[in-house]
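S.K.: Take a look at this one; I'll ask things after.
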Amino acid sequence: MFTETGIAGIRARLGDLRTQGARVALVPTMGALHDGHLALIDAARKIADVVAVSIFVNPLQFGPNEDFARYPRTLESDAAKLAEHGASLLFAPSGGEMHAEGSRTTVTPPAFAASFEGAIRPGHFAGVLTVVAKLFNIVRPDAAVFGRKDLQQLASIRAMVTDLNFPVEIVAVETVRERDGLALSSRNRYLDEPSRRRATRIRDALVAARTAFESGVTDVSGVEAAGRVILAQDGALDVDYFNLVRESDFEIPSVATTGDSIVAAVKVGGTRLIDNILL
Ligand code: PAF
């Protein structure tokens with residue numbers, strides 16, 4: 001596996017591979033890689049000859065009171081995992097390389113990105129889309145692979161690719177979970193033991209809501225209530241949202257339908273976790 005830290009270097013290396021006819025897939029990450037990221041790399045290997053992985057903790061997508069400074073940075077062990085999983089290229093740029101001083105242009109997210117995560121984290125999706133657009137322009141991948149755990153991010157990236165005509169196929173990969181159902185996340189490492197136990201309730205609540213739908217409840221508030229009641233049983237869980245949405249644009253449908261998703265964001269002992277389930 002080759003590692004590049006500069007835009008010129010990665011472009012040159014990919015240019016050579018492309019001339020040889022290679023299909024390139026990009027897996028954008030912020031590092032602190034876990035099995036969820038490795039599943040993205042496995043999916044990328046199935047659809048491309050060259051798998052490029054970016055690791056960049058993107059300051060634009062963190063709010064002033066968020067965890068940018070303490071976000072885990074584990075480049076050496078990440079690189080070892082990537083090499084083991086057959087990634088071809090690691091792009092690990094510096095902040096200066098990605099967001100040069102005097103840079104003026106950003107991507108405006110679609111309106112639906114202002115709800116849910118966007119409402120709680122103003123500017124977050126503009127930061128995500130701006131860096132993803134830059135990565136697409138730097139790497140020029142044929143395909144890019146994202147996890148379904150960040151479902152609103154996935155929907156926003158799909159919208160950007162359609163609306164701004166990026167010639168990139170977006171591939172979505174299922175969330176990888178611990179044995180007890182907790183979705184893997186780089187932020188799980190912030191959880192102490194009691195919070196870690198509590199966090200499993202998020203998945204329990206999502207499954208309960210889906211079970212209600214499967215047993216015939218189609219009323220949106222009825223489906224949501226079946227999950228919310230589980231979260232309400234633990235006073236230490238602070239629910240930001242637990243809502244049924246249409247996956248393509250995060251609108252709330254009039255009745256629950258197969259293909260909709262329930263999205264959840266819950267604070268557990270100071271750590272904010274998100275998850276979702278497909279109906
Ligand atoms: O999902 C992430 O890790 C980040 O939001 C992404 C897509 C790498 C952009 O910084």
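S.K.: Looking at Phe112, Phe91, Phe125, which one is surrounded by fewer than 22 Cβ atoms within 10 Å (Cβ to Cβ), out of contact with any His (no Cβ under 7 Å at 6 or more places or on another chain) and aromatic (Phe, Trp, Tyr)?
M.R.: Numbers: Phe91 fails: surrounded by fewer than 22 Cβ atoms within 10 Å (Cβ to Cβ); Phe125 fails: surrounded by fewer than 22 Cβ atoms within 10 Å (Cβ to Cβ).
Residue meeting the stated conditions: Phe112.
S.K.: Do you know which residues across the stretch 243-277 are without any contact (Cβ under 8 Å) to a residue 60 or more places away in the chain and over 14 Å from Ala119 (Cβ atoms)?
M.R.: Those that are without any contact (Cβ under 8 Å) to a residue 60 or more places away in the chain and over 14 Å from Ala119 (Cβ atoms): Leu244, Arg246, Pro253, Ser254, Val255, Ala256, Thr257, Thr258, Gly259, Asp260, Ile262, Lys267.
S.K.: Another question about this same structure. Which residue, of Ala100, Ala133, is without any contact (Cβ under 8 Å) to a residue 60 or more places away in the chain, surrounded by fewer than 22 Cβ atoms within 10 Å (Cβ to Cβ) and either within 12 Å of the ligand (Cβ to nearest atom) or part of a helix (DSSP H, G or I) (or both)?
M.R.: Going through Ala100, Ala133 in turn, just one is without any contact (Cβ under 8 Å) to a residue 60 or more places away in the chain, surrounded by fewer than 22 Cβ atoms within 10 Å (Cβ to Cβ) and either within 12 Å of the ligand (Cβ to nearest atom) or part of a helix (DSSP H, G or I) (or both): Ala133.
S.K.: Inspect all residues belonging to the stretch 111-121 and state whether any of them is more than 16 Å from the ligand (Cβ to nearest atom) and polar (S, T, N, Q).
M.R.: Here is the first cut: in the stretch 111-121, the ones more than 16 Å from the ligand (Cβ to nearest atom) are 111-112, 114-115, 119.
Then keep just the ones that are polar (S, T, N, Q); that gives 115.
Scanning the stretch 111-121 turns up at least one residue that is more than 16 Å from the ligand (Cβ to nearest atom) and polar (S, T, N, Q).
S.K.: While we're here: Tell me which of these Pro93 doesn't satisfy, since it passes every other one: (1) under 16 Å from the mean Cα position of the chain (by Cα); (2) within 13 Å of the ligand (Cβ to nearest atom); (3) not aliphatic (A, V, I, L, M).
M.R.: Here Pro93 meets the rest and fails (1).
S.K.: Of the conditions (1) in a helix (DSSP H, G or I); (2) more than 22 Å from Leu273 (Cβ to Cβ); (3) out of contact with any Ser or Thr (no Cβ under 8 Å at 6 or more places or on another chain), Ala119 clears all except one; give me its number.
M.R.: (2)
S.K.: In the stretch 136-145, which residue that is surrounded by fewer than 22 Cβ atoms within 10 Å (Cβ to Cβ) and not in a helix (DSSP H, G or I) is nearest to the ligand (Cβ to nearest atom)?
M.R.: Selected residue: Ala143.
S.K.: Further question: Here are some residues: Arg210, Arg201, Arg196. Which one is at pLDDT 95 or above, out of contact with any Leu (no Cβ under 7 Å at 6 or more places or on another chain) and assigned to a helix (DSSP H, G or I)?
M.R.: Values: Arg210 fails: out of contact with any Leu (no Cβ under 7 Å at 6 or more places or on another chain); Arg201 fails: out of contact with any Leu (no Cβ under 7 Å at 6 or more places or on another chain).
Only one candidate qualifies: Arg196.
S.K.: If I filter the stretch 206-222 for residues that are among the aromatic types (Phe, Trp, Tyr) and free of Cβ contacts under 8 Å to residues at least 60 places away in the same chain, do I get at least one hit?
M.R.: No: zero hits.
S.K.: Which one is farthest from the ligand (Cβ to nearest atom), of the residues in the stretch 30-63 that are buried (at least 23 other Cβ atoms within 10 Å of the Cβ) and assigned to a strand (DSSP E or B)?
M.R.: For the stretch 30-63, the residue satisfying everything is Val51.
The values are calculated or read from the model by the stated rules, or taken from the named source; none is laboratory data. Quantities reported herein were computed from a predicted structural model and do not represent experimental measurements. All Cβ positions, glycine included, derive from the backbone under ideal geometry; neighbour counts span all protein chains shown.
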